[in-house]
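The values are calculated or read from the model by the stated rules, or taken from the named source; none is laboratory data. The shown structure was predicted, so the numbers you read here are calculated from the model rather than taken from an experiment. Reconstructed Cβ throughout: ideal geometry from the backbone, glycine too, with neighbour counts over all protein chains shown.
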């Protein structure tokens, strides 16, 4: 049972490790859009492209949020399964020990 839980935790580890770098890629892209807009604010205002650029910025930030949310959900699920098995086995041991002590003849 522990080997199955360990395999589940290790398999989710790949997603948890790669998610921050993917999220940072999206944030870096959004940062470059923001830098471009701020460096050429007169041109952006003159051509009225601030709404289009804001949508590009918000799209990258939204993708970053999606990646971070998925990684957090997988991490929470992995830790939950690990602790459920750990404390479930403790509970099973306590139940079995109380059953033995109840059934023993002393």
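Condition check ((1) at pLDDT 90 or above; (2) farther than 23 Å from residue 10 by Cα) across all residues:
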residue	(1), (2)
63	yes, yes
67	yes, no
75	no, no
79	no, no
83	yes, no
88	yes, no
93	yes, yes
104	no, yes
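For the stretch 28-45, the tally of residues that are over 34 Å from the mean Cα position of the chain (by Cα) and under 17 Å from residue 65 (Cα atoms) stands at 0.
So that you can scan it fast, the table gives a plain yes or no per residue for (1) surrounded by 11 or more Cβ atoms within 10 Å (Cβ to Cβ); (2) under 23 Å from the mean Cα position of the chain (by Cα):
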site: 26; (1), (2): yes, yes
site: 54; (1), (2): yes, no
site: 61; (1), (2): yes, yes
site: 73; (1), (2): yes, yes
site: 103; (1), (2): no, no
